[in-house]
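Worksheet for the structure shown next.
Every number in this text was worked out from the coordinates using simple rules, so none of it is lab data. For clarity, every value in this text was computed on a predicted model and none was experimentally measured. Because the Cβ atoms are built from the backbone with ideal geometry, glycine has one as well, and the counts that use them run over all protein chains shown.
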Amino acid sequence: MDRVNTTATVWLGTTLGCAQCHNHKFDPFTQKDYYRMLAFFDNGEYRVEGQGPKVMDKWIVEPELELATPAQAARKKSLEEEIARVQARLEAGTSALASPQAAWERDRTAPPPEWTALRPTTARSTGGATLEVAADGSVTVSGPNPERDTYTLGARLRAGPVTALRIEALAEPPRGTPGRADYGSFMVTRLAVEAAPPGGRRRAVPLARAEADSDGNAIGLLDRDSETGWDGSDPNHSYAAVIQPAAPLVPGGTVAITLEHQGKQPRNNLRRFRLSVTSSPRPWGGLALSDKLQAILVAPRPQRSEAQQKELAEYGEASDHEGAVIGAPRRAARRLGQRFDAEGDRRTRDPDRDDAPREARRRAAVDVAARPGRLHLARRAGLCCGAARTASPA
C-alpha cells in the first residue's frame, strides 16, 4: 500500500490513496482502481535473501530491467565476449599455465635468504609524525597521527647488488602494535623506490613483484590505487612483505623508499617497521604462508587433493605471482570487469542519487505525462519507482 500511495502522490500527482477504503468522493477513482494498482505491485516476482531469525536479517530482491541504448548494449556485449575469451585462457589448464605455478611453489619453498637491515639516514613524515630510527634499523613512529600519511626514508645501499627489499610491520605485545589505528591495524597503499648510483642522480626504480607472508596480499603496493595495498589487522602479529625490483639495484649507491598510507580507513599508518635488503636470486624463501596453505605447499603434488590444489592456485591468483603467462590474463579479466562495472555505473546511475536509474526515471516521467490512461499510468509508475519490475496486473 505504501508503494501505491507514494507512486500515486509523487509520480502521478493524484489523490488515489483516498480510494483505499472507498470510492473517491471527488476524483474519478474507484476502490477497485486502487486495488488494481496494488495488484500490479503485489504480483511482481521477487526472492527473499539473507539469513537469520529476524526480519531485519532478510531483504527482498526483485527483477530489474537494464535500459541500455543500442550503443551501450553493443559495448556491453563486446566486453562480455572479451572477458569470456580471457576467462577461457585461465581455465585452459595447459602446461604453459601450470609452469609458473610450479616455479612459484619452488620460490616459496626455497631456503630463507640472508637479509641485511637498512639503517635509514633520513626519515620524515608528511603528516608531522616523528620517525625514530633504532640501532637495529627499525623505525618507530610517534607524535601526530593524521588520517593519511606518507613516510620517506633515505639510506645507503650495501656493497653487493640488491635483488629485493623486505618490509616488516613489527608488533611488540603487549607494549606496541604494528599499526597506529585505534586497534593497531595498518595499510600501506603504495611503496615506491628511487635509487642513485654512487655520484649519480636518483631515479625511480620499476618494481616487478610483491608478495606477503601469511594469507596477505602485497601486489597492491605496486600500483597507485588507494583501495589496494598491504595491510594487517592483528595488533599482536608481525607482518612481512617482499618487493622485487625489475632489475637489481646498483651496489654502493643511495636509495629513497616512500611508504604511502592513503586508504579509506583513517589513521591506518605504520607504527613500527623495518626495511631490509638481500642479494639472493630467490628472495621469497622464508615468507611463510598461513598454516593451512603452508601445509598444502610442502605436500608433494600427487598427494594433494583437487580442492587443495585449487585453494593454493586461488591464493596465487590473489597474490598475482604468476607473471605474464597466467597473471596477465587474470589482470586483463579484472580490468575488463572493472571497466564493465564502471561503464554500467555511468550508464544507469545518477551522480546526485546513487539508487536512481536516471534514464529510466526520465523516460518514464515523459511517458506518464504524455499518456494519462489509468492502467498505463500504473504500469509506467512501476518503472518510475526504480528498476522496472516484471509484473502482470490483476
Inset, instruction - Any chance you could check the Cα centroid distance between region 123-193 and region 1-73 for me, in angstrom? - result: 56 Å
Legend entry - Dimensionless Rg ratio for region 176-235, taking C-alpha atoms and the 2.2 N^0.38 Å reference: 1.39
Inset, instruction - For region 122-138, take each phi angle, set θ = phi - 60°, evaluate the Karplus expression 6.51 cos²θ - 1.76 cosθ + 1.60, and give the result in whole Hz per residue in order, putting x for glycine and proline. - result: 9, 8, 9, 10, 6, x, x, 6, 9, 10, 9, 9, 8, 5, 7, x, 5
Legend entry - Stokes-Einstein diffusion coefficient of region 216-274, Kirkwood radius over Cα pairs, 37 °C, 0.692 mPa s, in µm²/s: 241 µm²/s
Inset, instruction - Work from the charge dipole of region 1-51 (Cβ charges, +1 for Lys and Arg, -1 for Asp and Glu, about the Cα centre) and give the residue of F29, T14, G44 farthest towards its positive end. - result: F29
